[in-house]
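A short write-up of the structure that comes next.
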Amino acid sequence: MNRNILQRIEQVVQVHNVCRQSNFQCLRHLSTRQWRPVPFLPQSLLAASHCPQASPFLKMTRQQYSLSAKKDKVQKKGKLPPIKVKEQKKLVEVWHNMTIRELAKAMDREIDDVYETLMFSDFDVDHLKPSSALSEEMIKAAIKKTGMKHMYMEKKVEKVVENKDAVKRGPADPSLLVPRHPVVTIMGHVDHGKTTLLDQLRKSQITAMEAGGITQHIGAFSVCMASGDRITFLDTPGHAAFSAMRERGAHVTDIVILVVAADDGVMKQTIESIQHAKNARVPVILAINKCDKADADPERVKMELLSHNIVCEEFGGDVQAVNISALKGENLQALSEAVITLSEMLELKADPLGLLEGTVIECRTDKGKGPVTTAIVQRGTLKKGAVLVAGKAWAKVRLMLDENNVTLSEVLPSMPVEIVGWKELPSAGDEILEVESEQRAKEVIQWRTYIEEQEKIKKDMEVIEVRQKEHREAHRKQLDTFIGMTWKQKSAMQYRAKKSLMAKRPSERTTRDGPVVPIIIKGDVDGSVEAILGVLDTYDADHECELDLVHFGVGDISEGDVALAETFNASIYGFNVNTNKSVQHLATKSEVPIRLHKVIYHLFDDLKEEISNTLPELSEEVVKGEASVLALFDVTAGKKTVQVAGCRVQKGLLDKKMKFKLVRNNTVLWEGSITSLKHHKNDVPTVKTGVECGLSLDQDVEIKVGDEIICFEEKSIPQKIRWDPGF
């Protein structure tokens with residue numbers, strides 16, 4: 001009996017425990033995961049507490065519950081949160097002396113992004129260009145700032161299969177050479193009559209067409225003489241600003257006619273022209289001009305030229321000398337015969353066959369024709385449709401014109417020609433070569449651009465190496481200062497040094513202290529712009545006013561030039577160029593000054609005036625009167641006692657409205673205004689020389705007998721820039 005009771009009690013306790021565990025599992029599942037039905041025990045299990053035969057069923061129920069609990073545990077373990085995989089940084093392949101363009105390409109970023117990264121890494125990026133090589137520190141900083149990592153490797157060198165440049169042909173077969181007419185350059189000092197001489201030779205009015213009566217371009221003309229011989233003349237400018245033009249003229253010519261005025265003699269540009277002729281190894285013919293003047297002295301000119309190794313034939317030399325008057329046309333036939341004789345002695349010949357070779361004499365941008373060049377053909381024959389390269393520009397010839405704007409069908413050696421059809425404007429002095437096709441021309445331009453970039457990279461590398469060496473030396477000196485210090489002392493010194501550098505670091509937008517004159521230069525031809533830039537290079541007054549050349553170019557003034565001038569608050573200077581009505585209207589609306597000139601020294605006079613107007617005015621003191629102190633009085637005015645100086649005017653007059661000085665032993669003790677000026681007891685506005693007066697100062701200053709009272713007026717005087725452009 002007792003045994004049965006104990007078994008039933010045991011079964012009841014077991015059932016109770018199972019029910020509690022089931023209830024606990026149900027509540028936990030509801031709070032941590034989605035609801036799902038929990039297997040409850042059947043009602044018959046409750047009756048098992050009264051039935052001893054129900055124990056097998058109870059065992060089976062326990063097993064089912066145990067399996068269910070294990071399944072839930074496995075499912076719970078399977079739904080753990082996903083493990084975050086560490087993001088891999090992009091690997092950038094770099095090499096030493098990498099350029100900004102190459103680094104941007106390797107990082108798959110824009111060039112501007114690299115600039116911005118370097119700027120925020122405390123590097124000076126103002127002097128850097130896309131083709132500039134970077135130091136190792138710059139490369140590492142740029143990659144680190146963008147969240148990447150780098151790996152050094154050998155530089156990927158683009159393999160150039162062959163040299164794609166166009167070169168001159170080898171020497172021609174002597175049997176193919178034919179006689180050609182000479183190319184003669186007229187050189188000399190300004191206003192010595194070079195253009196007037198050429199005017200007489202070809203019976204035209206070149207001088208009347210030149211602004212100010214002076215030549216400012218290289219003019220290339222072909223002249224047929226009375227004897228039937230033809231001569232190509234180059235008229236070079238004589239002004240100092242056009243030295244490069246004269247040098248180009250000497251290097252493409254066969255004979256130089258040196259024009260010297262008989263009344264002036266040898267001048268600065270005369271000596272320079274002689275030097276150009278010697279450098280080019282070109283024979284010289286001396287033309288002594290203005291021999292019709294009363295003060296002309298041709299023999300003096302010949303004697304002066306002896307010191308420059310120009311020895312005339314009458315002195316035992318080989319230089320022909322001809323006395324002429326270009327204005328009256330006297331003795332020009334003798335000069336022409338001298339040129340023809342010398343050309344026959346030189347036996348000038350050229351090869352008219354094969355690809356063309358020539359030289360760019362001048363280039364300009366024409367409104368209707370586009371880029372136009374004036375050239376001299378030196379070998380081959382130029383025909384329409386020919387493909388030419390010059391410098392980094394190429395052309396397919398659309399039109400060929402002579403000096404009279406007449407269309408030519410072909411151009412032989414020694415002939416001047418205007419070539420129309422250039423894609424871009426070459427530079428004066430560039431060598432012209434004919435190539436087989438447009439594709440070949442593009443290859444040549446691509447090769448020349450590549451070579452130019454490589455040379456630039458090489459120069460940048462030299463600069464970088466010098467700066468790296470300076471940086472290493474400075475770093476080594478800094479390390480030497482840390483010798484014998486503790487780590488705490490080193491840290492303190494480094495902190496102070498860094499703080500000092502941050503204080504000296506320039507702001508992102510710097511402001512200029514002094515006055516600045518920004519300008520834009522536009523010229524009709526490349527040589528004119530070159531001459532103007534050459535004069536601007538002599539500007540040496542930056543301490544007074546900074547001259548900022550914003551832009552320069554060839555061609556008429558455009559709306560883009562006006563917009564650029566408006567952005568930089570600049571003035572536009574045009575030399576022998578035009579502006580249409582729309583550009584003038586835009587300039588007026590934008591308040592952009594356009595200054596057009598036909599003569600080069602007028603342009604620089606205007607520029608000097610603009611620079612001078614930006615300078616602050618100087619204050620000058622003009623003394624109006626002087627008086628000496630004879631006695632001192634104390635006068636009571638209300639509750640105050642005022643000191644009055646009794647004076648006599650020694651010079652000029654004293655005006656109460658002007659400023660005064662108190663001078664003692666040549667030392668200024670006071671400067672200001674006077675509160676009263678009296679003659680006897682009357683208030684007066686002025687006191688003249690020899691008259692006594694009493695005056696009081698606006699401040700309490702100790703006055704002594706014998707002191708001087710000076711009355712003066714301040715005037716503002718405009719400053720003049722000290723720059724001398726040589727005109």
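Quick look at the numbers
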| read-out | value |
| --- | --- |
| Sole exception among (1) touching a residue at least 60 places away in the same chain (Cβ under 8 Å); (2) surrounded by fewer than 19 Cβ atoms within 10 Å (Cβ to Cβ); (3) of a type in the set (Gly, Ala, Ser) for SER414, by number | (2) |
| Test for SER227: is it over 23 Å from ASP526 (Cβ atoms), polar (S, T, N, Q) and at pLDDT 60 or above | yes |
| Enumerated helices (runs of 4 or more DSSP H) restricted to the stretch 531-623, each holding at least 1 residues that are open to solvent by 10 Å² or more (accessible area, probe 1.4 Å) and in contact (Cβ under 8 Å) with a residue 60 or more places away in the chain | 600-614 |
| Count of residues meeting criterion [open to solvent by 10 Å² or more (accessible area, probe 1.4 Å) and part of a strand (DSSP E or B)] in the stretch 363-386 | 9 |
| Total residues in the stretch 539-596, condition in contact with a Pro (Cβ under 8 Å, 6 or more places away or on another chain) and either of a type in the set (S, T, N, Q) or more than 21 Å from LEU615 (Cα to Cα) (or both) | 3 |
| The stretch 698-726 - residue that is more than 30 Å from TYR601 (Cβ to Cβ) and open to solvent by less than 20 Å² (accessible area, probe 1.4 Å) and, of those, modelled with the lowest pLDDT | ILE703 |
| The one condition in (1) open to solvent by less than 80 Å² (accessible area, probe 1.4 Å); (2) in contact (Cβ under 8 Å) with a residue 12 or more places away in the chain; (3) farther than 18 Å from ASP634 by Cβ that THR667 fails to fulfil | (2) |
| From the options LEU46, LEU67, LEU80, residue that is modelled with pLDDT under 60, in a loop (DSSP other than H, G, I, E, B) and not β-branched (Val, Ile, Thr) | LEU80 |
| Pairs with Cβ under 7 Å, 6+ apart, first in the stretch 715-727 and β-branched (Val, Ile, Thr), second modelled with pLDDT of 80 or more and in a loop (DSSP other than H, G, I, E, B) | ILE717/GLU617; ILE721/ALA541; ILE721/GLU544; ILE721/CYS545; ILE721/LEU615 |
| Residues satisfying the stated conditions in the stretch 341-362, i.e. among the aliphatic types (A, V, I, L, M), surrounded by fewer than 18 Cβ atoms within 10 Å (Cβ to Cβ) and in contact (Cβ under 8 Å) with a residue 24 or more places away in the chain | LEU346, LEU353, LEU355 |
| Filter result for ILE432 (at pLDDT 80 or above, β-branched (Val, Ile, Thr) and crowded, with 16+ Cβ neighbours inside 10 Å) | yes |
| Search result, residues across the stretch 265-302 that are assigned to a helix (DSSP H, G or I), of a type outside the set (Asp, Glu) and more than 37 Å from the chain's Cα centre (by Cα) | PRO298, ARG300, VAL301, LYS302 |
| Residues within the stretch 427-452 that are in a helix (DSSP H, G or I) and acidic (Asp, Glu), tallied | 3 |
| Lone unmet requirement of (1) of a type outside the set (Asp, Glu); (2) closer than 17 Å to GLY188 by Cα; (3) part of a loop (DSSP other than H, G, I, E, B) for LEU305 | (3) |
| Criterion violated by THR579 - all others in (1) among the hydroxyl-bearing types (Ser, Thr, Tyr); (2) over 17 Å from the mean Cα position of the chain (by Cα); (3) over 29 Å from GLY391 (Cβ atoms) satisfied | (3) |
| Residue tally, condition more than 12 Å from VAL629 (Cα to Cα) and either of a type in the set (S, T, N, Q) or part of a loop (DSSP other than H, G, I, E, B) (or both), over the stretch 678-701 | 14 |
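The values are calculated or read from the model by the stated rules, or taken from the named source; none is laboratory data. Source: prediction; values computed, not measured. FYI the Cβ positions are ideal-geometry reconstructions off the backbone, even for glycines, and counts take in every protein chain you see. Ligands, DNA and RNA are stripped out before the accessible areas are found, and what is left, the full protein with its side chains, is counted by its heavy atoms. Shrake-Rupley method; radii C 1.70, N 1.55, O 1.52, S 1.80 Å.
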